[in-house]
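S.K.: This is the structure I want to talk about, given as structure tokens.
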Amino acid sequence: MIFLGTGAAELYPNPFCSCQTCTRARREGAIPRKRSSMLIDPRTLIDFGPEVPAASQMYNRPLDALERVFITHTHEDHLSIATLDILTMTSSRKGNPISLYLSHEGKAWMEGLIAANPGGYFGGLSRLVNDAYIRFVGVTPYESFRAGELEVYAIRTNHQSNGENERALNYRLGFPDGKKLLYAADTGLYSDENLRALAGSAIDTLVMEGTCGNRDIPRGAGHLNAEHFCENVGNLLACGALKKDARVYVTHINQVSSFSHSEYQAYLDAHCPIPATVAYDGMNV
Ligand SMILES: [Zn+2]
Ligand SMILES: [Zn+2]
């Protein structure tokens, strides 16, 4: 698995920004963060933000064998249709559609875009679907389903998105060897319902957003800061959702979080109930 991106909606540093955080990131040569995405294996990707093709080139991870993308939600940093349009510029993928899994509400929103924009900017979207480059597959949260060799289970989070009543999904992927991954971006503090749904999962690898770093945010927010990240990890451990020796990674880190990479890591070392690692772009796990 490789992190193709570990940033939030804005890049880190934001090229247009001259705030202290972005200026410091440039001065200190911080590894830039592209929009969050994770390539699980050559067939399986989580989220398709605008930098996925560039990251594929940078890390020499071609996407020509891609069969499925688990889309957490339809915000542009997680599903960039304008970027997916490059699929139509190769004939080798026509008629062999990539399955884009997403919530029913997100799917309805995408279908609304197609209906409203048969041509023009989103004409690319119609072409992608009509010429079978992609197909949307609606996901019902809290119901397991198979996607190829994977056992998939999605939960509905606090994070609101574009579609009516659309909330981001977090995906638990079960692999043929019995290992489990939970990808939790975007999310927010888990409700009791979500903790009950995941209880006893014995997840081996947790990849969770820590978007807001050391900023104060309300408990009902659709994102996590570092403190809430640690609280979520503790709650997942307490209900047996997460193994005590699980590998834990922070992703989807926002530029307005004033933590640098090393400050974020130091915070986690001091506060996270089990060891957690701040991910970076290009990191293999
Ligand atoms: Zn996001
Ligand atoms: Zn979002």
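S.K.: Checking the condition out of contact with any Leu (no Cβ under 8 Å at 6 or more places or on another chain), within 16 Å of ligand 1 (Cβ to nearest atom) and of a type in the set (Asp, Glu), which residue from 64, 47, 77 passes? First the steps, then the outcome.
M.R.: Working: 64 fails: within 16 Å of ligand 1 (Cβ to nearest atom); 47 fails: out of contact with any Leu (no Cβ under 8 Å at 6 or more places or on another chain).
It is 77.
S.K.: Determine the pairs where a residue that is within 13 Å of residue 222 (Cα to Cα) and hydroxyl-bearing (Ser, Thr, Tyr), located within the stretch 158-174, has a partner that is within 15 Å of ligand 1 (Cβ to nearest atom) and part of a loop (DSSP other than H, G, I, E, B) with Cβ atoms under 8 Å apart, the partner being 6 or more residues away or on another chain.
M.R.: 161/73; 161/74; 161/75
S.K.: Of all residues in the stretch 236-276 being hydroxyl-bearing (Ser, Thr, Tyr) and surrounded by fewer than 17 Cβ atoms within 10 Å (Cβ to Cβ), which is farthest from residue 186 (Cα to Cα)? Working first, answer last.
M.R.: Initial filter on the stretch 236-276 (hydroxyl-bearing (Ser, Thr, Tyr)): 249, 251, 257-258, 260, 262, 264, 267.
Narrowing further to those that are surrounded by fewer than 17 Cβ atoms within 10 Å (Cβ to Cβ): 258, 260, 262.
On the way: 258: 19, 260: 20, 262: 22 Å.
Among residues in the stretch 236-276 that are hydroxyl-bearing (Ser, Thr, Tyr) and surrounded by fewer than 17 Cβ atoms within 10 Å (Cβ to Cβ), the one farthest from residue 186 (Cα to Cα) is 262.
S.K.: Restricting to the stretch 180-227, name every residue that is more than 16 Å from ligand 2 (Cβ to nearest atom) and among the hydrophobic types (A, V, I, L, M, F, W, C).
M.R.: If the condition is that a residue be more than 16 Å from ligand 2 (Cβ to nearest atom) and among the hydrophobic types (A, V, I, L, M, F, W, C), then 181, 182, 195, 197, 198, 199, 202, 203, 206, 226 are the ones that fit.
S.K.: On to the next question. Six or more apart or on different chains, Cβ under 7 Å: which pairs go from a residue in the stretch 217-241 that's closer than 13 Å to residue 207 by Cα to one that's in a helix (DSSP H, G or I)? Could you list them?
M.R.: Qualifying pairs under 7 Å: 224/232; 230/271; 236/198.
S.K.: Filter the stretch 157-178 down to residues that are more than 16 Å from ligand 1 (Cβ to nearest atom) and not in a loop (DSSP other than H, G, I, E, B) and give me whichever is nearest to residue 224 (Cα to Cα). Outline the logic, then answer.
M.R.: Keep residues of the stretch 157-178 that are more than 16 Å from ligand 1 (Cβ to nearest atom), which gives 164-165, 172-178.
Still in the running and not in a loop (DSSP other than H, G, I, E, B): 172-174.
On the way: 172: 18, 173: 21, 174: 24 Å.
Top of the filtered list is 172.
S.K.: Yes or no: residue 89 exposed (fewer than 14 other Cβ atoms within 10 Å of the Cβ) and over 17 Å from residue 162 (Cα atoms)?
M.R.: When the stated conditions are applied, residue 89 passes them.
S.K.: Here's a follow-up. Can you name every residue in the stretch 202-226 that is away from ligand 1 (no atom under 16 Å from the Cβ), within 20 Å of residue 273 (Cβ to Cβ) and under 20 Å from the mean Cα position of the chain (by Cα)?
M.R.: So the first thing to find is which residues in the stretch 202-226 are away from ligand 1 (no atom under 16 Å from the Cβ), and the list is 202-206, 214, 216, 218-220, 226.
The next check asks that each one be within 20 Å of residue 273 (Cβ to Cβ); those that pass are 202-206, 214, 219, 226.
Correct list: 203, 204, 205, 206, 226.
S.K.: Determine if the stretch 73-81 includes at least one residue that is of a type outside the set (Val, Ile, Thr) and away from ligand 2 (no atom under 16 Å from the Cβ).
M.R.: Step one: of the stretch 73-81, the residues of a type outside the set (Val, Ile, Thr) are 73, 75-80.
If we keep only those that are away from ligand 2 (no atom under 16 Å from the Cβ) as well, we get none.
No, that holds for no residue.
S.K.: Do any strands (runs of 3 or more DSSP E) entirely within the stretch 1-53 hold 2 or more residues that are within 16 Å of ligand 2 (Cβ to nearest atom), and if so, which?
M.R.: Per the criteria, 37-41.
S.K.: Oh, and also: Quick one: would you say residue 258 is more than 25 Å from residue 39 (Cα to Cα) and among the hydroxyl-bearing types (Ser, Thr, Tyr)? If you could, list the steps in order and put the result at the bottom.
M.R.: Numbers: more than 25 Å from residue 39 (Cα to Cα): yes; among the hydroxyl-bearing types (Ser, Thr, Tyr): yes.
For residue 258, the condition - more than 25 Å from residue 39 (Cα to Cα) and among the hydroxyl-bearing types (Ser, Thr, Tyr) - is met.
Rule-based calculations on the coordinates, nothing more; no lab input. Quick caveat, the model's predicted, so the values are computed rather than measured. Using ideal geometry, Cβ is built from the backbone for each residue, glycine included, and neighbour counts are taken over all protein chains shown.
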